[in-house]
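The values are calculated or read from the model by the stated rules, or taken from the named source; none is laboratory data. As the structure is a prediction and not an experimental result, all values here were calculated from the model. As a convention, Cβ positions derive from the backbone with ideal geometry for all residues, glycine included, and neighbour counts pool all protein chains shown. The protein model used for the area step is the full one, side chains on, heavy atoms only, and it has no ligands, DNA or RNA in it. Shrake-Rupley method; radii C 1.70, N 1.55, O 1.52, S 1.80 Å.
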Amino acid sequence: MSQTSKAWAMLHTKCPRCRRGSMFAGGMYQFGSNKIHDHCPHCNLHFEIEPGYFYAAMYVSYALNVAEACTIAAATYIITHNDDSPWLYCATLLIGCFLLAPINFRYSRVMLLYWLSPKINYQPHLDIDDSTPYL
């Protein structure tokens, strides 16, 4: 039995304990579907460890936004070589941050659960594929 890698599980927004169950319902850019499950559908882990736990995800999201804004501003300068138009930078930053908001919403919670939650640990015995039939 091979274990699911942490990077793959984080990229595909899987549960940090079993790395099999999906953390979110629906697609990333579908309206009304960017909702986190209350419990893991595979191992029944309760994602919100304590009341208000995901408020801390705002800090992770803020760090992601700052990094993205710096990258967008640098890319705008490299592409346009324009350093005297603040409206160009305001427009590209607002559009870029708006388009990346669903990604920040999901991955700030994923990073919080995987890297900043000492109460949740990977349990390899839960990392089994229940969909394969037994012979």
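Please identify the cysteines of the chain that lack any partner cysteine with a Cβ under 4.7 Å from their own Cβ.
C70, C90, C97
For the range 47-116, rounded, prolate or oblate, judged on the Cα gyration tensor with a ≥ b ≥ c (square roots of eigenvalues), a/c < 1.5 rounded, else prolate if a/b > b/c? Don't skip to the answer; put the middle values down first.
Working: a/c = 3.72, a/b = 3.12, b/c = 1.19.
Prolate is the answer for the range 47-116, as a/c is 1.5 or above and a/b outweighs b/c.
Return the carbon/sulfur percentage of the accessible area of the chain, one whole number, probe 1.4 Å, all protein chains in place.
On the chain, the fraction of accessible area on carbon and sulfur atoms equals 66 percent.
Convex hull over the Cα atoms of the chain, averaged projected area in nm²?
Values: hull surface 43.2 nm².
Its Cα hull, projected and averaged over all orientations, spans 10.8 nm².
Using the per-residue mean of other Cβ atoms lying within 10 Å as a proxy for protection, in what order, highest first, do the peptides 43-54, 18-29 fall? Write down the numbers at each step before the final one.
Numbers: 43-54: 13.4, 18-29: 16.2.
Going from most to least packed, we get 18-29, 43-54.
Using a probe radius of 1.4 Å on heavy atoms only, what accessible surface per residue do you get for the chain? Whole Å² is fine. Provide the component values of the computation, followed by the final result.
Numbers: 8860 Å² over 135 residues.
Ligands and nucleic acids excluded, the result is 66 Å² per residue.
Where does the charge balance sit around S61 when Lys and Arg score +1, Asp and Glu -1, over other residues with C-beta under 14 Å from its C-beta? Present the calculation step by step, with values, prior to reporting the outcome.
Working: positive: R106, R109; negative: E68.
Once positives and negatives cancel, what remains is +1.
Which is farthest toward the positive dipole end of the chain among I120, C97, A67, measuring Cα position about the Cα centre, with Cβ charges +1 (Lys, Arg) and -1 (Asp, Glu)?
Farthest along the dipole direction, towards plus: I120.
Given Cβ point charges of +1 (Lys, Arg) and -1 (Asp, Glu) and nothing else, what value in debye, to the nearest 20, does the dipole of the chain about its Cα centre take? Let's see the in-between values first.
On the way: 9 positive and 9 negative charges, 74 e Å.
For the chain, the charge dipole is close to 360 debye.
With axes computed from alpha carbons, what is the tilt in degrees of helix 86-115 against the longest principal axis of the chain, rounded to the nearest 10 within 0 to 90?
The two axes meet at around 20 degrees.
For the pair W8 and Y53, what calculated FRET efficiency results from E = 1/(1 + (r/R0)^6), where r is the Cβ-Cβ distance and R0 = 22 Å, to the nearest 0.05? Could the numbers behind the result be given before it?
On the way: r = 24 Å, r/R0 = 1.10.
Efficiency computed from Cβ-Cβ geometry: 0.35.
Which of A75, A101, A57 ends up with the largest GNM mean-square fluctuation for the chain, with Cα atoms connected below 10 Å?
Comparing A75, A101, A57 in a Gaussian network model of the chain, the most mobile one is A75.
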